[in-house]
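The values are calculated or read from the model by the stated rules, or taken from the named source; none is laboratory data. Computed from a predicted model, the values in this text were never measured in an experiment. All Cβ positions, even for glycine, are placed from backbone atoms using ideal geometry, and neighbour counts span all protein chains on display.
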Amino acid sequence: MKYQLFIDGQWRDPVAGRWFETANPYTGEVWAEIPRADAADVELAVAAAHQAFSTGPWPALSASQRGRLVRRFGEVLEQHAAELATIEARDNGKLYAETLNQARYLCEWFQFYGGLADKIEGSVPAMDKPDVLNYTRHEPLGVCACITPWNSPLLLLAWKAAPALAAGNTLVIKPSEFTSASTLEFARLSIEAGLPPGVVNVVTGFGDEVGDPLVRHRKVRKVAFTGGESSGRSVNVTAAADFKRVTLELGGKSANIVFDDANLDQAVNGAISGIFAASGQTCIAGSRLLLQDSIHDEFLERLLAIGKRIRLGDPMLPETQVGPITTEPQYRRILDYIAIAKAEGARCVLGGEAATLPGVGGLFVKPTIFTDVTPKMRIAQEEVFGPVLAVLRFKDLDEAVEIANDVNYGLAAGVWTESLRRAVRMADRLQAGTVWVNTYRSTSYTTPFGGYKASGLGRENGVEAIKEYLQVKSIWLYTGGDIANPFIRR
Ligand code: NAD
């Protein structure tokens with residue numbers, strides 16, 4: 001399969017005529033060639049998006065018509081969910097069961113934000129001056145760059161594209177170099193849904209060659225980025241030079257906190273899915289498990305009983321529980337962190353090494369659990385982005401809060417307790433954009449998602465998110481008589 005860029009509603013070869021290979025993480029085999037775009041392609045894509053934003057059918061639509069098209073796009077994505085899910089599982093090695101769930105769920109973002117398109121309201125502020133009618137309008141920003149990572153390419157794109165389009169913007173999307181194919185299909189389906197050419201454009205390639213020129217481009221007015229902390233920092237600095245709006249969804253080191261009164265069976269399941277789902281390659285992974293002293297040993301026993309039975313394998317098969325590591329650099333990084341944790345004195349009670357599956361070329365890491373972890377160890381502070389759990393102990397609520405908050409990140413946290421008072425006190429004090437009580441790893445289009453501290457800027461999802469793609473204009477209508485001579489002081 002040889003892909004092309006998707007610009008102005010058409011497939012095009014990259015200007016420099018270069019491609020790179022993308023492999024299936026399970027088999028290790030190359031399955032497609034992806035265009036290696038650069039600044040010249042960015043120029044074409046931004047020009048198409050700018051043109052589509054400024055003239056032609058898109059800006060001429062009423063808000064209701066635009067909303068209808070956005071909702072229609074969601075329906076078309078839903079019709080193609082199985083096909084999109086297959087591409088994603090092939091490209092990033094996530095379990096097909098999960099990519100299918102995600103692909104089916106995409107539609108809801110387009111329904112929700114499509115529904116909001118004609119509910120964007122300005123206001124008529126009270127005035128301190130006579131004979132003036134003042135009103136405000138919430139207007140789209142223009143060309144929005146959407147930059148996404150490899151772990152959930154389409155879901156994280158939907159979080160950006162649905163509100164951006166509903167608000168009337170146009171898009172240039174830059175997917176991860178490891179998982180570009182599903183985003184190219186997404187762009188093609190925007191045309192099938194009836195969105196005008198140029199509204200959704202995709203440039204593929206590497207962060208420095210195509211991502212950076214996109215963020216730098218003067219006609220790009222907003223950058224919605226999901227990815228790692230260091231790329232996020234660079235995007236933020238570059239975008240600031242031109243006063244672009246920025247939303248950043250970055251990494252995490254989320255604490256999953258179990259109190260002694262928790263329903264332990266449920267908490268064990270929450271801890272397992274929190275860290276081992278998607279091989280731990282999720283920003284909201286519950287990568288720190290905080291156990292209250294009195295239940296520490298029993299909980300660990302139950303955790304290991306399940307952990308030892310986890311089945312690694314082919315992401316396409318329903319019996320597989322944990323799939324491969326998506327990329328080779330990520331595989332090396334995970335193994336490095338395992339070595340660091342061992343060197344720091346953490347005790348490895350499960351896994352702790354790579355796994356090989358007979359006859360399979362993909363890269364696997366065994367589900368890994370470290371105990372005797374102390375809060376300042378690197379394994380307790382830094383994001384691994386893999387199936388590696390760090391278990392820490394705490395004695396009471398105050399200590400749990402102190403340990404949970406003592407990291408640079410603040411994306412999410414889980415609390416397991418049957419006490420309402422504890423739950424609410426914890427939810428108040430945890431520095432995290434999302435707090436789950438007696439559940440873990442849920443997200444929805446209806447409620448805001450985003451990070452405290454180094455986990456990001458701004459929010460995606462929920463009604464608030466559409467405001468990240470709008471700017472406010474204040475309009476003054478003078479309804480009085482003659483305009484006074486400005487040179488006579490009154
Ligand atoms: P990454 O930062 O390496 O890449 C993300 C995207 O940014 C890719 O498309 C990449 O090509 C592009 N990019 C890299 N450098 C760039 C630059 N200087 N300018 C413009 N674009 C650039 O991240 P990744 O390895 O693809 O994904 C893993 C990271 O993403 C993890 O840290 C994870 O926590 C984070 N993540 C966060 C969320 C969230 O919602 N908070 C969700 C998923 C993943």
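Remark: pairs (first residue in the range 369-386, in the same structural domain as Ala341 (by TED's automatic domain parsing); second residue among the charged types (D, E, K, R) and within 11 Å of the ligand (Cβ to nearest atom); Cβ separation under 8 Å; 6+ apart in sequence or on different chains) = Ala380/Lys253; Gln381/Lys253; Glu382/Lys253; Glu383/Glu229; Glu383/Lys253; Val384/Arg333; Phe385/Arg333; Gly386/Arg333.
Out of the residues in the range 44-60 that are over 16 Å from Cys144 (Cα atoms) and in contact (Cβ under 8 Å) with a residue 40 or more places away in the chain, state the one that is surrounded by the fewest Cβ atoms within 10 Å (Cβ to Cβ). Here the residue is Gly56. Entry remark, the range 207-226: residues being in contact (Cβ under 8 Å) with a residue 40 or more places away in the chain, in a helix (DSSP H, G or I) and of a type in the set (D, E, K, R) number 1 in total.
Scanning the range 221-235 for residues that are within 11 Å of the ligand (Cβ to nearest atom), more than 14 Å from Lys453 (Cα to Cα) and surrounded by 22 or more Cβ atoms within 10 Å (Cβ to Cβ) yields Val223, Ala224, Phe225, Thr226, Gly227, Val235. Among the residues of the range 236-255, those identified as closer than 22 Å to Gly280 by Cβ and more than 9 Å from the ligand (Cβ to nearest atom) are Lys253, Ser254, Ala255.
Please specify each residue of the range 102-139 satisfying the condition of being closer than 22 Å to Glu464 by Cα and in a loop (DSSP other than H, G, I, E, B). Across the range 102-139, the qualifying residues are Ile120, Glu121, Gly122, Ser123, Val124, Pro125. Just the residues that are assigned to a helix (DSSP H, G or I) and either over 17 Å from the mean Cα position of the chain (by Cα) or at positive phi (or both), please, taken from the range 182-206. Within the range 182-206, Leu184, Glu185, Ala187, Arg188, Leu189, Ser190, Ile191, Glu192 qualify. Whenever a residue of the range 227-243 is farther than 18 Å from Ser152 by Cβ, its partners that are acidic (Asp, Glu) and near the ligand (Cβ under 6 Å from one of its atoms), lying with C-beta atoms within less than 7 angstrom and at least six residues away or across chains, give the pairs Thr238/Asp212.
Identification of strands (runs of 3 or more DSSP E) wholly contained in the range 229-321 with 1 or more residues that are of a type in the set (Ser, Thr, Tyr) and farther than 18 Å from Asn408 by Cβ yields 245-249.
Within the range 438-461, can one find any residue that is under 26 Å from Asp265 (Cβ atoms) and not in a loop (DSSP other than H, G, I, E, B)?
no
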